[in-house]
Amino acid sequence: MKVLRTPDERFRDLPGYSFAPHYAEVDGLRMHYVDEGPSQADPVLLLHGEPTWSYLYREIIPKIAAAGHRVVAPDLIGFGRSDKPTQRRDYSYGRHVGWVRGLLEALDLQRITLVCQDWGGLIGLRVAAENEARFARIVAANTSLPLGGGRPNPTFVIWRLFSQLTPVFRAGLVVRLGCARPLPREIARAYDAPFPSRRYMAGPLQFPLLVPTSMRDPAVPANRRAWEVLSRWEKPFLTAFSDGDAITRGNDARFQAHVPGARSQPHVTIKGGGHFLQEDRGEELARVVVEFIARS
């Protein structure tokens with residue numbers, strides 16, 4: 001497996017992101033994570049999706065840490081400061097699940113509060129279902145756990161076509177298009193920082209093709225088993241979806257209906273947020289997480 005590592009200077013002086021880097025070896029790859037707050041406190045695991053990295057949570061990390069929690073925000077393999085295999089065939093749904101599980105094992109995280117958005121949920125919900133004992137509660141935000149049945153979401157179909165056909169794929173542009181608020185140019189450039197050239201972008205380019213859209217997809221059996229676990233999940237489960245995400249709209253209702261731990265929870269619809277609600281409504285999402293942990 002050929003691997004690239006983004007030069008450290010690409011991450012210097014990024015607006016709002018001054019966290020010390022931490023690294024763990026996972027399956028022979030270096031995985032970066034932010035680790036803030038009291039080291040002995042129960043961890044809050046923040047999982048990003050496509051094509052972002054832990055920078056997405058820069059406004060949320062300090063607020064959750066200030067409430068007395070340890071905050072762990074990794075960069076998925078292929079993203080952020082983590083190693084980047086250069087061949088698209090090196091990425092699979094199952095491998096991403098294994099890489100995140102490897103990080104939890106390397107850090108021996110227990111009593112985890114999972115906060116997951118976009119692919120952070122597709123991966124994180126699988127990890128939680130396959131490692132129930134490590135998790136205390138879940139906050140799902142603008143995400144899903146697809147089984148490949150039914151008609152694909154038309155907005156997702158357009159996004160997948162765009163991701164494969166556009167001659168210029170820029171993470172900052174994707175984030176800007178997925179936000180309800182204008183994204184400042186310097187913030188968009190920070191999302192581009194991990195990818196000095198297209199050679200570094202095998203992970204972001206492959207991710208859209210890994211979403212199961214057919215029941216014959218190789219990830220569907222494992223996702224079905226995860227749903228079986230979630231269908232008897234009694235631990236607290238909260239949905240905090242935005243009101244302006246055409247890709248994941250309606251998935252919150254599915255979680256609420258099928259996860260026992262979601263019953264009687266004060267589920268939240270965050271107004272004024274697009275797909276990347278951490279950018280649009282980061283302060284509100286942080287407050288929701290902190291209050292949910294205190295309440296449950």
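The values are calculated or read from the model by the stated rules, or taken from the named source; none is laboratory data. In this text the structure is predicted, and so the values were computed from the model without any measurement. Here the Cβ is made from the backbone with ideal geometry for all residues, glycine too, and neighbour counts use every protein chain on show.
Among the residues of the range 1-22, write down those that are aromatic (Phe, Trp, Tyr) and either free of Cβ contacts under 8 Å to residues at least 12 places away in the same chain or out of contact with any strand residue (DSSP E or B) (no Cβ under 6 Å at 6 or more places or on another chain) (or both). Result: PHE11, TYR17. Does ASP245 satisfy being buried (at least 21 other Cβ atoms within 10 Å of the Cβ), assigned to a helix (DSSP H, G or I), in contact (Cβ under 8 Å) with a residue 40 or more places away in the chain and of a type in the set (Asp, Glu)? For ASP245, the condition - buried (at least 21 other Cβ atoms within 10 Å of the Cβ), assigned to a helix (DSSP H, G or I), in contact (Cβ under 8 Å) with a residue 40 or more places away in the chain and of a type in the set (Asp, Glu) - is not met. Residues satisfying the criterion are absent from the range 152-165 (criterion: over 25 Å from ARG254 (Cβ atoms), in a loop (DSSP other than H, G, I, E, B) and out of contact with any strand residue (DSSP E or B) (no Cβ under 8 Å at 6 or more places or on another chain)).
Selection of first residues in the range 270-296 that are hydroxyl-bearing (Ser, Thr, Tyr) and of second residues that are assigned to a loop (DSSP other than H, G, I, E, B), restricted to Cβ pairs under 9 Å at least 6 apart or on distinct chains, gives the following pairs, ordered by first then second residue: SER296/LYS235; SER296/PRO236; SER296/GLN265. Considering the range 87-135, and only residues there that are over 16 Å from LEU47 (Cβ atoms) and of a type in the set (Lys, Arg), the residue that is farthest from the chain's Cα centre (by Cα) turns out to be ARG89. Only one entry in ALA253, ALA219, ALA190, ALA202 is in contact with a strand residue (DSSP E or B) (Cβ under 7 Å, 6 or more places away or on another chain), modelled with pLDDT of 95 or more and among the aliphatic types (A, V, I, L, M), namely ALA202.
Within the range 118-131, is even one residue on the phi > 0 side of the Ramachandran plot and either of a type in the set (Val, Ile, Thr) or modelled with pLDDT of 95 or more (or both)? Yes, the range 118-131 has at least one match.
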